[in-house]
Amino acid sequence: MLEGRKPLAMFQDAYPTQWLKDTLKRFDPVVRSGRLVRRIVDTPFTEAERALFPGFRKWRRVFFALPGEEWRIEAFLLVSKVSAKTGWNEALERMEGSLLGYEDWQNDWWIEHRAGLPESARGK
């Protein structure tokens with residue numbers, strides 16, 4: 001991102017986790033300098049998630065965008081909202097990849113190869 005090749009990055013995990021806190025802290029200097037914009041989005045756990053993840057309270061998504069590319073965060077959140085209603089599909093996968101700055105050929109490769117990955121690695 002700092003080289004300007006990718007406009008958006010996102011980290012997500014159950015919160016609180018030490019690795020997420022430590023990872024995000026490393027971005028503090030570039031956020032303070034204005035080279036990246038950070039946005040934190042917390043989503044409370046459902047009852048079922050609280051039972052599955054004792055000791056955690058919510059999902060935390062942290063977005064980093066290049067200045068001027070903050071619109072991608074809102075678009076990414078809209079993709080997530082649509083997915084919650086319709087289920088995940090190839091079109092949403094491609095849209096998410098495009099928002100993250102992947103080129104069409106990279107999205108094509110990912111779509112083709114993700115089917116062979118374990119369910120936990122496929123996301124959504």
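The values are calculated or read from the model by the stated rules, or taken from the named source; none is laboratory data. None of the values given here were measured: they were computed from a predicted structure. Cβ placement follows ideal geometry from the backbone for every residue including glycine, while neighbour counts extend to all protein chains displayed.
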> Where residues in region 93-108 are among the aliphatic types (A, V, I, L, M) and in a helix (DSSP H, G or I), which of them is surrounded by the most Cβ atoms within 10 Å (Cβ to Cβ)?
Replying inline: 99
> Would you pick out the residues in region 60-92 that are among the charged types (D, E, K, R) and either outside any loop (DSSP other than H, G, I, E, B) or exposed (fewer than 14 other Cβ atoms within 10 Å of the Cβ) (or both)?
Replying inline: 60, 61, 72, 74, 81, 85, 90
> Quick check: anything in region 22-36 out of contact with any helix residue (DSSP H, G or I) (no Cβ under 9 Å at 6 or more places or on another chain), at positive phi, free of Cβ contacts under 8 Å to residues at least 60 places away in the same chain and part of a loop (DSSP other than H, G, I, E, B)?
Replying inline: yes
>> Can you tell me which residue is surrounded by the most Cβ atoms within 10 Å (Cβ to Cβ) among those in region 13-35 that are over 19 Å from residue 59 (Cβ atoms) and of a type in the set (Val, Ile, Thr)?
In response: 30
> Which ones in region 41-99 are within 24 Å of residue 19 (Cα to Cα), aliphatic (A, V, I, L, M) and modelled with pLDDT of 95 or more?
Replying inline: 41, 62, 65, 66, 73, 77
